[in-house]
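Asker: Here it is, the structure in full.
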Amino acid sequence: MESTISIKVEFSGGLELLFDNKRSHELALPAVVPLNNDTKKDVVVAEGQGKPADVAYLIAYLRDHLLQERAELFEEGGTVRPGILVLVNDTDWELEGEGEYALRDGDEIVFISTLHGG
Amino acid sequence: MPPRPCALCAKAKAMIKRPKTGQQICKDCFFYVFETEVHNTITEAKLFKPGDRVAIGASGGKDSTVLAYVMKALNERYNYGLNLFLLSIDEGITGYRDDSLETVKRNQQQYSMPLKILSYEELYGWTMDRIVSQVGRKNNCTFCGVFRRQALDRGAAMLSVDHIVTGHNADDIAETVLMNIMRGDIARLGRCTAICTQGEDTIRRSKPFKYAYEKEIVMYAYFKKLDYFSTECIYSPDAYRGHARVFLKDLEAVRPSAIIDIIHSGEAFEIKEEIKATQKVQQTCTRCGYMSSNALCKACTLLEGLERGMANAGITDRGTKQLRMQDAAGEASPTPDNLRTIPFFELKPTSTTMICLEPTP
Ligand SMILES: [Zn+2]
Ligand SMILES: [Zn+2]
């Protein structure tokens with residue numbers, strides 16, 4: 001198994017403003033991550049203490065490493081703030097297990113805010 | 001997780017879970033049910049009749065962009081026989097409205113609908129940028145709200161339309177219900193859920209997305225790759241609405257039907273006759289001819305405050321009284337006669353005599 005996976009992340013609906021006004025991001029994530037979603041670069045995952053990188057880990061990773069300001073507008077209690085839609089390869093993440101969806105190399109994850117202007 | 005088939009066609013892969021029903025459906029079935037529900041809302045409330053001229057209040061945001069797209073599609077599919085227009089209000093907010101108006105101009109091309117833009121500058125002689133520089137950021141939303149409402153009616157009169165449709169969705173309406181409850185504004189509570197409203201002499205306004213969830217509107221825009229603008233107004237400190245919104249989203253996360261449930265609660269509040277009696281009788285503004293509950297309409301009062309450098313006078317009843325007392329004592333200058341006023345409003349009689357039906361709760 002590869003030690004990292006590459007995924008594409010896209011922000012829209014105004015969320016991109018929290019991420020340096022950049023809509024599209026390419027990321028390399030560790031294939032296996034700690035169960036507690038610790039995103040520190042040098043963290044060592046002990047045998048039996050890891051899980052495949054999932055969307056919950058991705059959310060923590062984005063908050064810790066990519067978010068420029070106001071984390072509370074993106075993440076809340078280990079998931080996205082209510083009012084943010086998530087799509088996994090263009091499918092509503094509610095059909096894909098939400099945070100528990102295990103990421104695969106080449107996946108595309110889209111975050112859309114519904115909270116901005118009508 | 002293995003891909004699940006669509007609950008409706010059982011063929012394609014399900015791509016969205018509907019918040020209203022929990023149903024898991026494919027993209028094409030989603031488009032179909034979303035559009036059909038809006039069509040049903042329109043026909044059940046008898047919003048239009050053939051030949052109506054209808055303006056879509058277009059801000060360039062997601063709701064009005066999806067509304068314009070869906071109205072055009074339904075008008076063609078079901079032969080409503082409507083003449084559709086885009087109507088945008090330019091509040092004069094640099095870095096916000098100028099950008100969103102570019103989106104509306106693209107929509108005009110994409111949907112081939114005539115577009116009318118009416119600016120605060122043209123109508124009132126003040127942009128929001130200039131108003132904010134005078135009043136600060138505390139009451140600016142009051143000015144903007146009052147000015148926008150009247151501007152929409154006047155823009156609609158210029159287009160001689162019978163009807164304005166706006167992109168207010170189920171989430172917006174539920175939010176307004178909550179705010180009216182929290183403020184104890186019982187009179188507004190029942191009114192705010194009405195799908196269609198009409199003042200004494202203003203143009204009818206309705207909300208075809210009354211039962212459409214925000215999630216579905218955003219998913220629709222995403223799947224259809226519609227071009228919309230999404231930045232918060234740079235002057236929008238409507239903190240109260242913000243809290244109501246977050247509260248509503250939290251409720252929705254626990255139980256998605258909360259939004260429709262709250263709308264139904266709002267509809268179920270019937271205003272008793274004695275409460276109605278205390279609401280002021282509508283008249284026309286003596287200065288600008290717009291409908292008003294006082295001799296002077298709210299927009300004229302606010303504008304006079306701005307012009308006389310007493311911007312906050314128009315905000316409260318007390319401030320307005322002070323203004324009048326100064327007038328009486330001959331203290332304030334210049335006199336209202338030399339001030340910028342709003343052009344006189346005359347509504348051209350339209351052929352429409354149909355009564356707008358409100359849904360029975
Ligand atoms: Zn289907
Ligand atoms: Zn007036």
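Asker: Kirkwood Rh over Cα pairs of the range A:1-60 into Stokes-Einstein at 4 °C, 1.567 mPa s: D in µm²/s?
Answerer: The calculation lands on 102 µm²/s.
Asker: Still on this structure, I have one more. What number, in percent, do you get for the relative contact order of the range A:4-113 if the mean sequence gap of Cα pairs under 8 Å and at least 6 apart is divided by its residue count?
Answerer: Across the range A:4-113, relative contact order equals 36 percent.
Asker: Here is a follow-up. Based on the alpha-carbon set only, what is the convex hull volume of the range B:152-246 divided per residue, in Å³?
Answerer: It is 140 Å³ per residue.
Asker: Averaged across orientations, what area in nm² does the convex hull of the alpha carbons in chain B project? Please report the intermediate quantities before stating the final value.
Answerer: On the way: hull surface 78.2 nm².
With every direction weighted equally, the projected area is 19.6 nm².
Asker: For a 18 Å ceiling on Cα separation, which of these pairs sit above it: B:Lys72/B:Lys105; B:Lys27/B:Lys72; A:Lys8/B:Lys224?
Answerer: With Cα atoms farther than 18 Å apart: B:Lys27/B:Lys72; A:Lys8/B:Lys224.
Asker: If you don't mind, there's one more thing I want to ask. Looking only at other chains, what is the average number of their beta-carbon atoms within 10 angstrom of each beta-carbon in B:59-65?
Answerer: Average per residue, whole number: 3.
Asker: If exposed means no more than 10 neighbouring beta carbons inside 10 Å and the site is in a DSSP loop, what's the longest run of chain A without any exposed trypsin sites (Lys or Arg not before Pro)?
Answerer: The longest uninterrupted stretch comes out as A:71-118.
Asker: For peptide B:222-228, compute the average count of partner chain beta-carbon atoms within 10 Å of each residue's beta-carbon.
Answerer: 2
Asker: Okay, moving on. Just to check, using Stokes-Einstein with a Kirkwood Rh over alpha carbon pairs, what's the diffusion coefficient of the range B:99-195 at 4 °C and 1.567 mPa s in µm²/s?
Answerer: Details: Rh = 16.0 Å.
It comes out at roughly 81 µm²/s.
Asker: Here's something else I'd like to know. Starting from the amide H of B:Tyr290, placed 1.01 Å from N in the peptide plane, find each other amide H under 5 Å away whose residue is 5 or more places distant or on another chain.
Answerer: For B:Tyr290, whose amide H was placed from the backbone, the distant partners under 5 Å are B:Cys285, B:Phe345.
Asker: Please identify every one of the GluC sites (Glu not before Pro) in the range B:116-210 that sits in a loop by DSSP and has no more than 14 other beta carbons within 10 Å of its own beta carbon.
Answerer: Answer by residue number: B:Glu200.
Asker: Right, next: Per residue of the range B:8-24, what does 6.51 cos²θ - 1.76 cosθ + 1.60 with θ = phi - 60° give for ³J(HN,Hα)? Whole Hz please, x for Gly and Pro, Karplus curve as stated.
Answerer: Listing the rounded values in order: 9, 9, 6, 10, 7, 6, 5, 10, 9, 9, 6, x, 5, 10, x, 5, 9 Hz.
Asker: Still on this structure, I have one more. Counting alpha carbon pairs within less than 8 Å and at least 6 residues apart, what relative contact order, in whole percent, applies to chain B?
Answerer: 18 percent
Asker: Where the eigenvalues come from the Cα gyration tensor of chain A, what are the semi-axes √(5λ) of the equivalent ellipsoid, largest first, in whole Å?
Answerer: Largest first, chain A gives 24, 15, 13 Å.
Asker: Under 16 Å Cα to Cα from A:Lys40, which lysines show up? Leave out anything in the same chain fewer than 8 places away.
Answerer: A:Lys51
Asker: Relative contact order (percent) for the range B:65-124, with alpha-carbon contacts under 8 angstrom and 6 or more residues of separation?
Answerer: Working: 52 pairs, mean separation 24.1, N = 60.
It comes to 40 percent, rounded to a whole number.
Asker: Please list, by residue number, every one of the trypsin sites (Lys or Arg not before Pro) in the range B:70-151 that is coil in DSSP and has at most 11 other beta-carbon atoms within 10 Å.
Answerer: B:Arg137, B:Lys138
Asker: Here's a follow-up. As a test of understanding, state the convex hull volume per residue of the range B:1-151 from its alpha carbons, in Å³.
Answerer: Per residue, the Cα convex hull of the range B:1-151 comes to 174 Å³.
Asker: Kirkwood Rh over Cα pairs of the protein assembly as shown into Stokes-Einstein at 20 °C, 1.002 mPa s: D in µm²/s?
Answerer: Working: Rh = 24.6 Å.
Once the numbers are plugged in, D ends up at 87 µm²/s.
Asker: Count, for each residue of A:82-95, the Cβ atoms from other chains sitting within 10 Å of its Cβ, then give me the mean as a whole number. Don't skip to the answer; put the middle values down first.
Answerer: Details: counts 10, 11, 2, 6, 0, 5, 1, 1, 6, 10, 11, 1, 8, 10.
Mean partner shielding for this stretch: 6.
Asker: Could I ask something else about it? Quick check: the angle from helix B:97-111's long axis to the longest principal axis of chain B, C-alpha only, nearest 10 degrees?
Answerer: So the inclination is approximately 50 degrees.
Asker: Out of B:Leu101, B:Ile89, B:Asn79, whose Cα points farthest toward the positive end of the dipole of the range B:70-109 (charges: +1 Lys, Arg; -1 Asp, Glu; placed on Cβ)?
Answerer: Among B:Leu101, B:Ile89, B:Asn79, the one farthest towards the positive end of the dipole of the range B:70-109 is B:Asn79.
No value in this document is a laboratory result; all are computed from the given coordinates. In this text, all values refer to a predicted model and were calculated from it rather than measured experimentally. All Cβ positions, glycine included, derive from the backbone under ideal geometry; neighbour counts span all protein chains shown.
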